[in-house]
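Bear in mind that the values in this text are calculations on the coordinates, not laboratory data. In this text the structure is predicted, and so the values were computed from the model without any measurement. We place every Cβ from the backbone using ideal geometry, glycine too, and count neighbours over all the protein chains shown.
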Amino acid sequence: MKCTVNGLVLKVQSVRETGRLVTVLTAEQGLVRAFAHGAKTLTDSKNTATALLCYARLELYQNRKGVWTVSGAHPIESFFALREDVV
């Protein structure tokens, strides 16, 4: 199943060398955990869009086992200053 959603990245975890596991809050799907393969490489388009506290348009794909994967991502708004001073 494929879908395109807008969401806020709430949590980011490293997976292997270049991947990320992101937790995204969306209006349509609720709280979604998705793998973004290759998102930590600088040349990948998913690098900025899957960063912490980034509001982005995500193209998600769900496989047969129910695991979500980010196939494409485009940042809408990046709250970088909020990331610097969380306290």
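Points to keep in mind about this one:
- Stretching the chain fully between Glu28 and Lys65 yields a gain of 11.3 nm (0.36 nm per residue, less the alpha carbon separation).
- Set of segment 55-86 residues, backbone N closer than 16 Å to the point 7 Å along the Cα-Cβ line of Thr18: 70-73
- Residue among Arg57, Arg16, Arg33 with the largest mean-square fluctuation in a Gaussian network model of the chain, springs linking Cα atoms under 10 Å: Arg16
- Alpha carbon Rg of the chain, scaled by the compact-globule rule 2.2 N^0.38 Å: 1.01
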